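First up is the structure itself, then whatever we jot down about it.
The values are calculated or read from the model by the stated rules, or taken from the named source; none is laboratory data. As the structure is a computational prediction, the values presented were derived from the model and not from experiment. Heads up, the Cβs are rebuilt from the backbone with ideal geometry, glycines too, and the neighbour counts pull from every protein chain shown. These area figures cover heavy atoms from the full protein model, side chains too; ligands, DNA and RNA do not enter into them. Shrake-Rupley method; radii C 1.70, N 1.55, O 1.52, S 1.80 Å.
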Amino acid sequence: MYNANENYLKLPGSYLFSTIAKKVAAYTEANPNEQVIRLGIGDVTQPLTKPVIDALHAAVDEMGTAANFHGYAPDLGYSFLREKIAAQDFAARGCKIDADEIFVSDGAKSDSANIQELFDENTKIAVCDPVYPVYVDSNVMAGRTGSYDPETGYWSNVIYMPCTAENGFVAELPKEVPGLIYLCFPNNPTGAAITKPELQKWVDYANENECVIIYDAAYEAYISEEDVPHSIYECDGARTCAIEIRSFSKNAGFTGLRLGYTVVPKDLKKGAASLHDMWARRHGTKYNGAPYIVQKAGEACYSEEGQASIRGLVAHYMKNAAAIRDGLRDMGYTVYGGTNSPYIWLKTPNNMTSWDFFDYLLENAHVVGTPGSGFGPNGEGYFRLTAFGTYENSLAALERIRNL
Ligand code: PLP
């Protein structure tokens, strides 16, 4: 006899983007002549850049020769990639992160979902509201969240930190002390960024209260303002309280190629437990490493050409973001984000609910976005558009919205 992990049954409905996909599929089936513009899911649309493609081709050729064939990758990642990450993503910004504190993976989604395994079942988590759904759902699966209240949309054991227009979508420090704090900046879904003094407050709070911050910096490449830190390790004391997660998806367009990394500093210790050693043990046991050819493609992102090509991709999407942000503002919408982030977070008009606005846009403008309430109760009354479409589609979507 077996018992299923019934925590899965507690998850409300399907994952947000599956629900959206089903609604859009039903709409396009019923209206086969409508050209739907998708600015919903945060998936990139630009092709991989030349330095990355060249590196992939070269690595594929290597794999076809006995002399240069590569089998299992090292569990924690090839040093050719980890050294470059340490030097260019961290040392160049004055952050002390060693190559062997970097764990290469297949992306930020799996790392941000799996990292909770390092903490015991009684660890209380604190999340922003609205929030990237993976942080809460992965803790639900692990049985750490208590029961779900469909009235409030909250889990009984989770500490929610409202992110509202009033606080600039940057949460206040929680009154009840959690064990784990999930922060994501630049933020998905609100597009908000955090300044260094504000982030320093979180680091100080975490050190004072023995919390660990899981800092998701998947959108780091979109930071355009000076006072916004690119890494939590720019803050004093972050080595003793923070884990940082990064991705090659949004900067280099690897959503289909899959590559990311997580930094677990060796100073993160609780008694005899070193979170670094535990994460290494987990990788060694549960993961056989990101593919050699993909890590070579990742390495190519750090060459001069590679860096320039990433800047080109980011500039492309940020041009879309500016067009959507400013276009909606001109139409009278209240709009946030789109400056340090590829997400535009808008207030729905006439106090429509997020899902009503989703249906209204789909049916009347044939534009797909993401209802803010799908990210948490404080997302109700908001709507997320992504800048990851093509420029033409971003302008066309704006035009359709203008004509409503
Ligand atoms: N973290 C955040 C905040 C995201 O928005 C996303 C993707 O949308 C991810 C992580 C996933 O990144 P990856 O493609 O590296 O799994």
Problem set entry | Spans of helices (runs of 4 or more DSSP H) in the range 270-383 with at least 2 residues closer than 27 Å to VAL131 by Cα | 275-286, 304-330, 354-365
Seminar exercise, completed: Of the residues in the range 47-69, those that are surrounded by 15 or more Cβ atoms within 10 Å (Cβ to Cβ) and part of a loop (DSSP other than H, G, I, E, B) number 2
Exercise. Taking the range 97-125 on its own, how many of its residues are within 27 Å of VAL177 (Cβ to Cβ) and small (Gly, Ala, Ser)?
Worked result: 3
Seminar exercise, completed: Scanning the range 203-236 for residues that are part of a loop (DSSP other than H, G, I, E, B), open to solvent by 20 Å² or more (accessible area, probe 1.4 Å) and closer than 20 Å to LEU118 by Cβ gives GLU210
For this session: Please work out if ALA142 is touching a residue at least 40 places away in the same chain (Cβ under 8 Å) and surrounded by fewer than 20 Cβ atoms within 10 Å (Cβ to Cβ).
Result: yes
Problem set entry | Qualifying residue in the range 237-253 (condition: within 18 Å of GLN200 (Cβ to Cβ), away from the ligand (no atom under 13 Å from the Cβ) and open to solvent by 50 Å² or more (accessible area, probe 1.4 Å)) | yes
Seminar exercise, completed: The residue that is farthest from the chain's Cα centre (by Cα), considering only those in the range 254-268 that are aliphatic (A, V, I, L, M) and within 10 Å of the ligand (Cβ to nearest atom), is LEU257
